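Have a look at the structure below, then the notes.
The values are calculated or read from the model by the stated rules, or taken from the named source; none is laboratory data. If you're wondering where the values come from, they're calculated on a predicted model, not measured in any experiment. Here the Cβ positions follow ideal geometry from the backbone for every residue, glycine too, while neighbour counts run over all protein chains shown.
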Amino acid sequence: MKKYAILFLLLSSCASVNMFSKVDVNKDFPHDEIQKVAVIMFEAPVDENKDSMPSKLSAKTTIDANAGAILSSITARELEKWGKYIVVNRIAVKEEMKLKKLKKDDLLHKQNFLNLGKQLGADAIVVGKIESFGVSYRAMSSGMFISPIVTKVSFTVRCVDVTTNETIWTAKIKGSSTTDNERALASKLIIESFEKLRTKLN
């Protein structure tokens, strides 16, 4: 009976969908000068303990290995829908990286992604940093899992001028859901956040 009570408590505590976003726009920046943008692969944290087994009841959030590619693709798609920017095709970004022999880790250096943006003929580049992108579950001391409890997505998107290195706008996005997978939840979050951004930019 206690086992079922614990399971019900864990599941019922995550029964809602939460969405949060905060958008900041650099009001001093000449936004009309930005016509073409390139969305670069988002930075994802490395899960150093992904193979470890917790020894007691503990919470853990997995991170999808393709999180960076998924979020950058969704971001590029939504920016393209605006009609405000010309968005560099994601295939062109990959080809330019291959041509320049740049790896994903090389884009952690500002100068590399600014130079890449210039090579692509972009006025600005859009980069992201992921905090979480996966399902959160709890591991019991017996090694059995109650999974998934909730899907969690949290990340920051930043648009940077390739010439001055100024931040043009930033969006901090996070949310959780018990019904959506990571991709579906991320899409909803980005649509909501970019609608706020579009309002501030107009």
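Laid out as a table, the results:
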item: Neighbours by Cβ (under 7 Å, 6+ apart or cross-chain): first from region 140-165, within 24 Å of residue 119 (Cβ to Cβ) and loosely packed, with under 14 Cβ neighbours inside 10 Å; second of a type outside the set (D, E, K, R) and modelled with pLDDT under 90; result: 165/114
item: Residue selected from region 11-46 under the condition over 18 Å from residue 126 (Cβ atoms) and in contact with a strand residue (DSSP E or B) (Cβ under 6 Å, 6 or more places away or on another chain), by the criterion modelled with the lowest pLDDT; result: 14
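Every residue, every condition in (1) in a helix (DSSP H, G or I); (2) at pLDDT 90 or above, yes or no:
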position: 98; (1), (2): yes, no
position: 107; (1), (2): yes, no
position: 115; (1), (2): yes, no
position: 126; (1), (2): no, yes
position: 137; (1), (2): no, no
